[in-house]
Amino acid sequence: LHLRVGGSLADQVSFALSREDGCPPFAVDVTRRIGFTGGCLRLSRWLEVLSFCERLGCGVLFSVNALRGRTRDECQPVDTPCRLLKKDARPPCCSSYSGAWDSSNLLALLRATAAAGKRPSGLALGNELAGDAGIEAHLSAAEYARDLLSLRREVDALWPTKPPLLLAPDTAFDAEWAKLFLSQLRAASKEGGGGGGGGG
């Protein structure tokens, strides 16, 4: 039995590690493809979720923010209602992101999780962000593979004996993208001396 924490809004969520950290709520924003911005998960609540599942004997599958650090292209006009437009009327800017993934906020959460003696069963890198099948973004196979291997290395270092599974890509199947992704994953693994071992 597993409890999934994440889904459609996962790539908007930040993690607050202390009481002093700001923790913005979700806010409706129709200029975003997903329809919301903001959202926050406090470390204290996250540890409560993990403890809850420990008591019940279930695992936690956690979707992590894979868009943090990336910048969405600005639409013209800036108030283009991406959420409300049908697919054939939606401009590319609604789901076009550039820049590198900033994993620092996530890694701070994962380090605090490990320090508390907790471990999620699995981590999903983003929610439906891969290629043409993506919703909020259309990440390339190369950048997704690179970020997944980076996360794998960090996760293996934090939980060396039993790391969480990595679940990727969490998206509708696109055969061409998947072929490129696996090719990029193999190439990046060789260049980096391997992406880590037993978790996924």
Among residues of the range 12-40 being free of Cβ contacts under 8 Å to residues at least 40 places away in the same chain, open to solvent by less than 30 Å² (accessible area, probe 1.4 Å) and assigned to a strand (DSSP E or B), the residue farthest from V78 (Cα to Cα) is A16
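A quick yes/no check of all residues on (1) within 22 Å of L43 (Cβ to Cβ); (2) in contact with a helix residue (DSSP H, G or I) (Cβ under 8 Å, 6 or more places away or on another chain); (3) free of Cβ contacts under 8 Å to residues at least 60 places away in the same chain:
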| position | (1), (2), (3) |
| --- | --- |
| L107 | yes, yes, yes |
| A116 | yes, yes, no |
| G122 | yes, no, no |
| L129 | no, yes, no |
| R153 | no, no, yes |
| D156 | yes, no, yes |
| A172 | no, yes, yes |
Which of (1) over 23 Å from E54 (Cβ atoms); (2) surrounded by fewer than 16 Cβ atoms within 10 Å (Cβ to Cβ) is the odd one out, the single condition G117 does not satisfy?
-> (1)
Does any residue of the range 85-98 turn out to be under 18 Å from A10 (Cα atoms) and in contact with a Leu (Cβ under 8 Å, 6 or more places away or on another chain)?
-> yes
Pick from the range 122-134, criterion at pLDDT 90 or above and over 16 Å from L107 (Cα atoms), ranking: most open to solvent (accessible area, probe 1.4 Å) = E128
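The values are calculated or read from the model by the stated rules, or taken from the named source; none is laboratory data. In this text, all values refer to a predicted model and were calculated from it rather than measured experimentally. Cβ: placed from backbone, ideal geometry, glycine included. Neighbour counts: every protein chain shown. Heads up: the accessible areas ignore ligands, DNA and RNA and are worked out on the full protein's heavy atoms, side chains in. Shrake-Rupley method; radii C 1.70, N 1.55, O 1.52, S 1.80 Å.
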